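The structure appears below as structure tokens.
None of the figures in this text is laboratory data; all of them are computed from the coordinates on show. Small disclaimer: the values here were computed from a predicted structure and weren't measured. Using ideal geometry, Cβ is built from the backbone for each residue, glycine included, and neighbour counts are taken over all protein chains shown.
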Ligand code: NAD
Ligand code: TYD
């Protein structure tokens with residue numbers, strides 16, 4: 001079995017590679033990554049010398065390059081994590097989101113079809129469903145919830161999902177899609193809520209909470225997401241969408257307070273800043289389908305996962321300090337100065 005994993009130098013893709021290494025040591029894994037600002041080869045250092053792992057720097061939207069790689073590697077399965085993934089960046093510059101998330105997916109679908117891959121799995125997001133109101137805690141996203149996107153990021157992810165459905169229906173391609181809620185855990189790029197707040201707390205810097213901090217996200221430990229994708233690849237039905245989430249809704253402000261408490265720092269570091277444009281209020285997944293059909297349940301409780309994650313950022317300071325001391329400073333300045 002040869003599995004081609006795109007975006008494997010990013011947060012979830014790298015965790016997926018580590019997960020698959022353990023769960024299926026017999027698989028050959030090929031990682032394709034463009035190494036954008038979010039991709040980091042340091043993350044993959046522990047597997048780089050593994051004879052059953054192979055890294056190729058390439059852009060999924062580069063058709064001739066993808067054709068060449070697929071002709072040479074002949075993967076059995078493709079799992080597409082590669083994406084521009086940050087909502088705030090998509091608000092600043094949507095174009096690259098369409099190039100990678102939409103056109104890149106189309107290229108991967110075309111070459112997967114041409115070389116007859118046995119399964120193409122698209123890693124999508126619950127953000128394609130838009131948001132839910134705070135005063136309707138009875139509402140959840142099911143796989144039947146209409147797509148109703150808010151940001152250029154979520155619009156690009158939804159477009160990719162529609163292309164996947166079209167390639168399944170039109171060409172009969174063996175495609176599955178998973179839509180997961182917010183992930184957290186090791187190797188998450190420090191622009192995202194949890195690592196950003198950990199890094200700022202450790203530096204005694206202000207913690208920029210958007211709006212009133214009342215927005216709700218449904219947090220899942222990254223390893224649970226990886227296990228769910230593995231299960232979908234093994235037992236999922238082609239042509240199906242599977243939502244992934246563990247009923248763990250939290251308000252942003254409560255997450256920030258948990259981090260402050262864990263690191264023994266004062267709440268006076270919290271700074272409310274101008275809200276994100278079009279900010280989604282609440283995400284909440286109904287995971288009934290994946291639980292009933294595939295028996296998936298999350299293994300990590302948030303109370304444990306967040307402590308493990310904070311521990312990881314404390315133990316791996318050089319990994320994220322290298323990032324925040326580089327080009328990231330310009331990003332932070334652009335995004336947060338005078339906000
Ligand atoms: P990330 O930004 O940490 O990593 C993305 C990776 O893709 C990086 O290594 C980057 O270099 C690579 N990449 C970007 N453009 C590329 C291109 N054109 N060609 C090849 N590689 C390219 O993102 P993440 O948080 O790990 O998210 C991975 C996937 O999971 C994305 O598709 C995202 O939409 C989805 N997702 C993320 C979350 C979350 O909470 N982070 C939740 C649900 C779904
Ligand atoms: P983020 O990690 O960007 O994920 P997403 O927008 O895809 O859910 O943000 C999670 C939540 O945290 C979201 O409601 C926006 C909020 N947030 C802040 O309040 N401050 C910040 O500095 C960041 C990055 C996010």
remark   = Under the helix-only model (-39500 (n - 2.57) for each DSSP H run of 4 or more, divided by the residues of the chain), the mean residue ellipticity at 222 nm, to 500 deg cm²/dmol, is -12000 deg cm²/dmol
query = Which of rounded, prolate, oblate describes the range 3-78, given a ≥ b ≥ c as roots of the alpha-carbon gyration tensor eigenvalues and a/c under 1.5 marking rounded, otherwise prolate only if a/b is larger than b/c?
reply = oblate
inquiry  = With bins 10 Å wide starting at 0, give me the P(r) of the range 176-220 over every alpha carbon pair, in whole percents.
reply    = 22, 48, 24, 5, 1
query = How big is the convex hull of the Cα atoms of the range 237-289, per residue, in Å³?
reply = 120 Å³
note = Candidates 84, 321, 144; GNM for the chain (alpha-carbon contacts under 10 Å) flags as most fluctuating 144
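Decide, for the range 35-99, between rounded, prolate and oblate: order the square roots of the alpha carbon gyration tensor eigenvalues as a ≥ b ≥ c, take rounded if a/c falls under 1.5, and otherwise choose prolate if a/b is larger than b/c, else oblate. Can you show the working numbers first?
Values: a/c = 2.66, a/b = 1.42, b/c = 1.87.
Oblate is the answer for the range 35-99, as a/c is 1.5 or above yet b/c matches or exceeds a/b.
Which value, in nm² and rounded to one decimal, describes the direction-averaged projected area of the C-alpha convex hull of the chain?
On the way: hull surface 63.9 nm².
With every direction weighted equally, the projected area is 16.0 nm².
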remark   = Here the tail fraction of P(r) beyond 21 Å, over all Cα-Cα pairs of the range 19-158, rounds in percent to 52 percent
Largest to smallest principal axis extent of the C-alpha atoms in the range 84-209, angstrom = 54, 34, 26
inquiry  = From Cα pairs below 8 angstrom and at least 6 apart in sequence, can you work out the relative contact order of the chain, rounded to a whole percent?
reply    = 17 percent
remark   = Rounded to the nearest 10, the angle in degrees between the Cα long axis of helix 193-202 and the longest principal axis of the Cα atoms of the chain comes to 40 degrees
task = Between residue 322 and residue 142, take the C-beta separation as r, use R0 = 41 Å, and let me know the FRET efficiency to the nearest 0.05.
result = 0.50
ask   = With each pseudo-label sitting 7 Å past Cα toward Cβ, what's the residue 237-residue 277 distance in nm, one decimal?
value = 4.2 nm
Anisotropy class of the range 206-339 from Cα gyration tensor, a/c 1.5 cut = prolate
request  = Go ahead and run the numbers for FRET between residue 73 and residue 46, Cβ-Cβ distance against an R0 of 30 Å, rounding to 0.05.
outcome  = 0.85
note = In Å, the C-alpha Rg and Dmax of the range 149-209 are 17.5, 55
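Of all DSSP beta bridges located in the range 1-112, what percent are antiparallel, nearest 5?
Numbers: 0 of 14 bridges.
Among the beta bridges of the range 1-112, antiparallel pairing accounts for roughly 0 percent.
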message = If I model the range 88-142 as equal point scatterers sitting on the Cα atoms and use the Debye formula, what is log10 I(q)/I(0) at q = 0.13, 0.17, 0.18, 0.30 Å⁻¹?
response = -0.55, -0.77, -0.81, -1.16
ask   = Among 170, 201, which comes first, then next, by fewest other beta-carbon atoms within 10 Å?
value = 170, 201
request  = In square nanometres and to one decimal, what's the mean projected area of the convex hull around the Cα atoms of the range 299-339?
outcome  = 4.2 nm²
